[in-house]
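I have placed the structure first, in the form of structure tokens, so that the comments after it can refer back to it.
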Amino acid sequence: GCRSNLTGKHILITAGPTHEPIDPVRYIANRSSGKQGYAIAAAAARAGAKVTLVSGPVALPTPPGVTRVDVETARQMATAVEAALPADVAIMVAAVADWRSAGEAARKIKKDGSGSVPPLQLVENPDILATLCRSDRRPPLVIGFAAETNDVIDHATAKLARKGADWIVANDVATHAMGGNINRLHIVSAAGVESLPELPKDAAAAALIEKVAHALA
Ligand code: PMT
């Protein structure tokens, strides 16, 4: 980790969940803590990179030397990612909500006591990674993450082509990757699959950043 040198490189990282409002007091979200993305941002900064971290709502301190942009929703994250370009590398670790409520209620939806439930209509959120990959300002190295509960490598391989990323880093969230402190990363690229051992998230981050530094060298 210490020998990776990313001086002069701008690395754009997304992390955490997004919160998609239903009404002023309720939202749709997921179990991402931001730990893996923040560890990657910290490792990139330690390697000398200029780091922009676009973060969903998390309870983590900003790593030293990292420029953090806080967002709440997927649409805000998409705007912040675009505003942070150009970048040499993008690493999309955020667990972006795939869907949001079709119509955010302006007032708190009231329980009326009749036992009837409010209809919750969902619409698809923008795919930030796929949009970035198709953009004319696409960073030379774009890395996506894939949180899977089954057939981890197969799904990651499919995602590589579908999203247009250079690497997809797969992790098995059936166990402990989401919210926990350890992770097992499988780096899937056109060159094949490199599986790292199960590691604390900061060590997994250092290993990934070392591989990024090698790829740019
Ligand atoms: O935050 P932690 O608790 O440390 O947990 C880390 C993690 C498990 C959340 C992380 O390692 C991880 O796997 N992040 C991606 C989770 C995910 O939801 O993947 P996905 O299969 O939905 O999306 C694939 C890729 O597309 C990701 O790079 C994602 O950031 C991106 N994406 C997805 C949907 C969308 N609308 N826009 C996107 O950019």
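Residues of region 24-71 that are of a type in the set (D, E, K, R) and more than 14 Å from the ligand (Cβ to nearest atom): R26, R46, K50, R68, D70.
Selection over region 84-121 of residues that are among the hydrophobic types (A, V, I, L, M, F, W, C), surrounded by 18 or more Cβ atoms within 10 Å (Cβ to Cβ) and part of a strand (DSSP E or B) gives a count of 5.
Can you name the residue in region 1-20 that is away from the ligand (no atom under 16 Å from the Cβ) and at pLDDT 95 or above and is also surrounded by the most Cβ atoms within 10 Å (Cβ to Cβ) among such residues?
Taking region 1-20 as the starting set, the residues that turn out to be away from the ligand (no atom under 16 Å from the Cβ) are 1-10.
Among the residues that remain, those that are also at pLDDT 95 or above are: 6-10.
Numbers: L6: 24, T7: 9, G8: 10, K9: 19, H10: 19.
In this case the residue turns out to be L6.
Using the structure shown, decide if I128 is surrounded by 15 or more Cβ atoms within 10 Å (Cβ to Cβ) and closer than 17 Å to E194 by Cβ. The answer is no for I128.
Of all residues in region 44-61, none satisfies being at pLDDT below 95, of a type in the set (S, T, N, Q), buried (at least 19 other Cβ atoms within 10 Å of the Cβ) and closer than 25 Å to K211 by Cα. Within region 136-155, being under 24 Å from S55 (Cα atoms) and more than 12 Å from the ligand (Cβ to nearest atom) holds for D136, R137, R138, P139, P140, L141. Figure legend. Inter-residue proximity from region 71-83: first residues under 17 Å from R137 (Cα atoms) and assigned to a helix (DSSP H, G or I), second residues more than 12 Å from the ligand (Cβ to nearest atom) and of a type in the set (D, E), beta-carbon distance below 9 Å, spacing 6+ or different chains. Indicated pairs: A80/D70.
How many residues are at pLDDT 90 or above, assigned to a loop (DSSP other than H, G, I, E, B) and within 10 Å of the ligand (Cβ to nearest atom) if we restrict to region 161-174? Spell out how you get there, then give the answer.
Residues of region 161-174 that are at pLDDT 90 or above, as a first pass: 162-171.
Retained after the next criterion (residues that are assigned to a loop (DSSP other than H, G, I, E, B)): 164-166.
Restricting the remaining residues to those that are within 10 Å of the ligand (Cβ to nearest atom) gives 165.
Residues in region 161-174 being at pLDDT 90 or above, assigned to a loop (DSSP other than H, G, I, E, B) and within 10 Å of the ligand (Cβ to nearest atom): 1 in total.
Annotation note: of A156, A191, A177, A203, the sole residue that is more than 17 Å from the chain's Cα centre (by Cα) and at pLDDT below 95 is A191. Count of region 3-48 residues, restricted to those that are touching a residue at least 40 places away in the same chain (Cβ under 8 Å), closer than 24 Å to N171 by Cα and assigned to a loop (DSSP other than H, G, I, E, B), is 10.
Can you tell me which residue is farthest from A41 (Cα to Cα) among those in region 93-130 that are more than 8 Å from the ligand (Cβ to nearest atom) and of a type in the set (V, I, T)? Among them, the one singled out is V117.
Would region 21-31 turn up any residue that is surrounded by 22 or more Cβ atoms within 10 Å (Cβ to Cβ) and under 26 Å from P139 (Cβ atoms)? No. Only a single item in (1) over 19 Å from N150 (Cβ atoms); (2) crowded, with 17+ Cβ neighbours inside 10 Å; (3) not β-branched (V, I, T) is not met by N183, and it is number (1). When every residue of region 137-144 is checked against the conditions, at least one turns out to be farther than 24 Å from S33 by Cβ and over 17 Å from the mean Cα position of the chain (by Cα). The residues on offer are A177, A158, and the sole one that is within 12 Å of the ligand (Cβ to nearest atom), more than 19 Å from A44 (Cβ to Cβ) and assigned to a loop (DSSP other than H, G, I, E, B) is A177.
The values are calculated or read from the model by the stated rules, or taken from the named source; none is laboratory data. Source: prediction; values computed, not measured. Cβ coordinates were reconstructed from backbone atoms using ideal geometry, including for glycine residues, and neighbour counts include every protein chain displayed.
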